[in-house]
Amino acid sequence: MLKKEARQITGGLSKPSKMPGPAHNLPAWNCKTGQKLVNIPGSVCSGCYAMKNRYRFTNVREAMDRRLQALQDPRWVDAMVTLIKDQDWFRWHDSGDIQSLEHLKNIFLVCKQTPKTRHWMPTREAQFLKDIDPDTVPPNLIIRMSSHMINQGPVKQWPWTSTVTSSEGRTCPAPDQGNECGSCRACWDRSTPNVCYGKH
């Protein structure tokens with residue numbers, strides 16, 4: 001499959017300036033859990049960055065809506081493999097989250113077919129991981145279960161997690177280096193059980 005066709009099928013990839021590689025984003029307003037948390041003060045999703053600023057631009061919203069609809073296309077896995085296979089680092093969902101168990105299983109297929117790419121996916125959708133054995137997650141993918149509330153500790157039911165703090169304890173170095181990952185790859189590293197971000 002040619003990359004031009006793959007972009008047409010999937011809606012293309014996003015390119016967050018912070019990341020060492022491309023990403024795939026979906027509309028945050030379609031998050032299963034996030035759309036509930038956004039209305040809860042003190043939650044990580046309250047004041048969600050992906051529901052404001054440039055994410056509200058018409059062209060950005062239309063692009064994310066196309067990606068959301070593309071998940072139903074039977075060619076989606078092959079098209080995503082075409083777009084990702086030459087990348088060293090990839091992030092799933094710099095906006096948005098897992099939509100269904102089928103969506104998650106399709107992501108697993110993409111990861112298995114791009115073994116040279118390191119994949120990272122944060123998620124709040126515990127309902128789609130409750131029956132997943134961590135040992136069955138492709139070895140080149142790390143799924144980090146994110147805590148719902150600011151200053152909440154890591155969740156207990158999953159081996160790789162992320163948290164957000166409003167005070168001390170941040171481990172993500174991005175705020176100290178131009179809001180970029182730089183040389184840090186902790187989010188992709190299975191030997192790092194939890195990554196703690198500073199509150200935006």
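The values are calculated or read from the model by the stated rules, or taken from the named source; none is laboratory data. The structure displayed is predicted, hence computed values, not measured ones. Backbone-built Cβ (ideal geometry, glycine too); neighbour counts: all protein chains shown. The protein model used for the area step is the full one, side chains on, heavy atoms only, and it has no ligands, DNA or RNA in it. Shrake-Rupley method; radii C 1.70, N 1.55, O 1.52, S 1.80 Å.
Some values worked out for this structure:
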quantity: With every protein chain in place, segment 78-138: carbon and sulfur % of accessible area (1.4 Å); calculated: 46 percent
quantity: Shape of the chain, Cα gyration tensor, a/c cut at 1.5; calculated: rounded
quantity: Trypsin sites (Lys or Arg not before Pro) lying in DSSP loop within segment 86-186, provided at most 10 other Cβ fall within 10 Å; calculated: LYS116, LYS130, LYS156
quantity: Antiparallel DSSP beta bridges within the chain, as percent of all bridges there, nearest 5; calculated: 10 percent
quantity: Cβ crowding within 10 Å averaged over residues, with 26-35, 1-10 ranked highest first; calculated: 26-35, 1-10
quantity: Local net charge near CYS187, Cβ-Cβ under 15 Å (Lys/Arg +1, Asp/Glu -1); calculated: +3
quantity: Equivalent ellipsoid, segment 89-171 (semi-axes from 5 times Cα gyration tensor eigenvalues, Å); calculated: 23, 14, 12
quantity: Rg/Rh ratio calculated on Cα atoms of segment 18-107 (Kirkwood radius); calculated: 0.98
